[in-house]
1. Based only on Cα atoms, what mean projected area does the convex hull of the chain have, in nm²?
2. Pairing the Cα long axis of helix 223-234 with the longest principal axis of the chain, what angle in degrees results, from 0 to 90 and rounded to the nearest 10?
3. When DSSP beta bridges are limited to those with both residues in the chain, what percentage is antiparallel, rounded to the nearest 5?
4. Which order do the peptides 159-168, 87-96 come out in when sorted by mean C-beta neighbours inside 10 angstrom, highest first?
5. Can you tell me, using C-alpha contacts under 8 Å and at least 6 residues apart, the relative contact order of the chain as a whole percent?
6. How charged is the neighbourhood of residue 130? Take every other residue with its Cβ under 13 Å from the Cβ of residue 130, and add Lys/Arg as +1 and Asp/Glu as -1.
7. How many percent of the alpha carbon pairs in the range 74-211 exceed a separation of 20 Å?
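Every number in this text was worked out from the coordinates using simple rules, so none of it is lab data. These figures come from a predicted structure and were not determined experimentally. Cβ placement follows ideal geometry from the backbone for every residue including glycine, while neighbour counts extend to all protein chains displayed.
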Amino acid sequence: MMDEPPLPFELDDGFAAGNALGLIVLKTDETLEVELREVFLASSIACYHARIPSHDLVTPETLAQMAADLPRAAALLPEGVDFGAIGYGCTSGATVIGSDNVARSVQASHPTAAVTDPIRAAVAALTAVGARRIGLLTPYVPEVTVAMQKLLEQNGFQVVAIRSFGQSADRIVARINLDSTLKAIEDIGKKDCDAVFVSCTNLRSFGLIEPAETLIGKPVISSNLALAWHMLTLAGRLKPGAAPGRLFA
């Protein structure tokens, strides 16, 4: 039986000292956390995750359903943490829901945090590498790919080449191997474009960014690469070399 008084202790800011990052990950995503883990570790910054319900079939209708769940998912991130940035990890979802709507939903529970998502991050990243003519690679069904093309064009880019794996099942997207994606990037990179944007947080890319850039001689920006870069940039914690490719050079 304990009869001693509680031990004395002092407090510090914990792992979140110096700004933390928050990441909202789709229930069906198997790739985003794995690829970003090493980037944030190399950047010496804590990242806290929350999962959001999502349907395995990626269609405009199922993507739009996430809008209602975003505020609840964001509220599951720890209270009292100074988030330098919070990312919503769905490129197609943000395209359908709208980046401004995503930000409002997240800031309902974290009003001081900067908020980004992969399509907003991709626009910033493509601008940062000086690209205006874009080759677009997606895993999506046509109506989702076309919506993304239109959004990129609304942001001032010219989409000069589009290729897609034509998949609606997220579990299939997570298993498209790197060689298939590399071959697709090589094909798109032959076009008269300034950079290739590889969309979808569930499509593996980090293992091929540098080989692909060497192969086509142009920047390759994936959803996960852009999201990590933009989150760290917004938080003021960007570290060159923390992730592969020219964007982090």
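1. If you wrap the Cα atoms of the chain in a convex hull and average its projections, you get 15.2 nm².
2. That works out to roughly 50 degrees.
3. Numbers: 1 of 29 bridges.
So the antiparallel bridges amount to about 5 percent of the total.
4. Per-residue Cβ counts within 10 Å, averaged per peptide and sorted highest first, yield 87-96, 159-168.
5. Averaging sequence separation for qualifying contacts and normalising by length gives 22 percent for the chain.
6. +3
7. Looking at the range 74-211, the distances longer than 20 Å represent 49 percent of pairs.
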